[in-house]
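Here is the structure we will look at.
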Amino acid sequence: MARTGDNIYKRKDGRYEGRYIKGYDLNGKAKLGYVYGHTYSEAKDKLAQCRINAGNLSEKIDSNMSLYKWVENWIETQKQIKLTTKTMYYSHLRNHIEGTIGKIRLKNMNEDIVQKFVDDLSTKYSPRTVHAIFSMLRSALNEAKRRKYIPDVCSFVRLPKIRKKSIRVLTKDEQKRLENVISTSNNRYDIGILICLYTGIRIGELCALRWESIDLRNATITINKTVQRVRNANSNSKTKINFDSPKSQSSSRTIPIPSFLVQKLMKYRRDKGYILRDNGKFTDTRNISRRFKQLLQEADIDEVNFHILRHTFSTRALELGFDAKTLSEILGHSSVTTTLNLYAHVLPEHKKKEMEKLNDLYKNPS
């Protein structure tokens, strides 16, 4: 039985257990925290410290809550999003909202406040960054609108226009030089770089790839995992490794692979385990990136990031006449529109070649 007002209980194992409210979810349900001590006094001291640390987090969800607390609680309830996305949300919250509009009470939020917030961001960050921060804020505020705490404050906010960046790809000459350097090397990572260059998979998908997902008989690779480094808020280390399903549902896919790549993979074939590994474990994405930079230097190619291999694969595929739907599925894009928007720079030449086929129709109308 708890002592009056303290909410501390003696357990069957002889220890004392203290309970406190560390916060509320968006349904208003209390989230409990627990402390343990070998004596009543020890449990009481721990409980007092936790209550101090919880501070305003124990404030019940309502329209009087600060915007910062509202968004923080909203993030905590997002169970369906990936860890990498949640980590990004917390970063936006602490770096951009906490020191600006975070102290404003939720009930006082209006469109002018949100617009000024966006305008101020636009003077410091790229349009893509502003869009990303606003997207998170809008989702949290739309939840408050749904609960009738605030009116619609986001629908008419004006955002900076995102200017499409030109995508850098390896020229055919650069690609050949890179392949020539790989052909004369004996580095265990280089087969992975060839896989990316000829399938378009991402670096995280490569590092998570296992032999169990490669069918050399049917010449396919199945992508169902990815590995990423994410910020680690609960440790002395800045980052930690996170294995997860691919970027989106469409990113889980089976990719046919060309016969020359099958022959090269046969030389490395194992029954199980990671394709690329260090001491029996998976290879860190940072190691692959370092090796890629070495290859670029040896091939006399200006330094670019690893993702250029995915862009290069996509460009070569369109140049060779791949239809957009097939390429979209190989890349794991959510729609053909995504593929076409990314690689529109290739299409003018491709369309010109296709239109030239009409010459034969004119010459031989019968």
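The values are calculated or read from the model by the stated rules, or taken from the named source; none is laboratory data. Bear in mind the structure is a predicted one, so any value in this text is a computation, not a measurement. Note that we place each Cβ from the backbone using ideal geometry, even for glycine, and neighbour counts take in every protein chain shown. Keep in mind that these areas ignore ligands, DNA and RNA; they rest on the heavy atoms of the full protein, side chains included. Shrake-Rupley method; radii C 1.70, N 1.55, O 1.52, S 1.80 Å.
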Over 20 Å (Cα to Cα) among Lys176/Lys264; Lys22/Lys79; Lys22/Lys46; Lys124/Lys161; Lys82/Lys165; Lys225/Lys272 -> Lys82/Lys165
Out of Gln115, Gln80, Gln263, a Gaussian network model of the chain with alpha-carbon springs under 10 Å gives the largest mean-square fluctuation to Gln80
With Cα springs under 10 Å, the Gaussian network model of the chain assigns the largest mean-square fluctuation among Glu212, Glu349, Glu72 to Glu349
From highest to lowest solvent-accessible area (probe 1.4 Å; ligands, DNA and RNA excluded), Ile21, Ile101 read Ile21, Ile101
Loop-resident trypsin sites (Lys or Arg not before Pro) in segment 123-178 with no more than 15 other Cβ atoms inside 10 Å, DSSP not H/G/I/E/B, are Lys124, Arg147, Lys148, Arg158, Lys161, Arg163, Lys164, Lys165, Arg168
Karplus-derived 3J(HN,Hα) from phi for segment 255-268 (6.51 cos²θ - 1.76 cosθ + 1.60, θ = phi - 60°), whole Hz, x at Gly and Pro, runs 10, x, 10, x, 4, 5, 6, 4, 4, 5, 5, 4, 5, 9
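What do you reckon, how do Val304, Val227 stack up by accessible area (1.4 Å probe), largest on top?
Val304, Val227
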Expected max-MSF residue from His333, His350, His92 in the GNM of the chain (alpha carbon, under 10 Å) is His350
For Lys86, the aspartates and glutamates lying under 15 Å Cα to Cα, once residues fewer than eight places off in the same chain are dropped, come out as Glu72, Glu76, Asp244
HN-Hα couplings for segment 307-312 via Karplus (6.51, -1.76, 1.60; θ = phi - 60°), in whole Hz with x for Gly/Pro, come out as 5, 4, 5, 5, 5, 5
Between Asn279 and Thr85, Cβ-based FRET efficiency (R0 30 Å, step 0.05) works out to 0.45
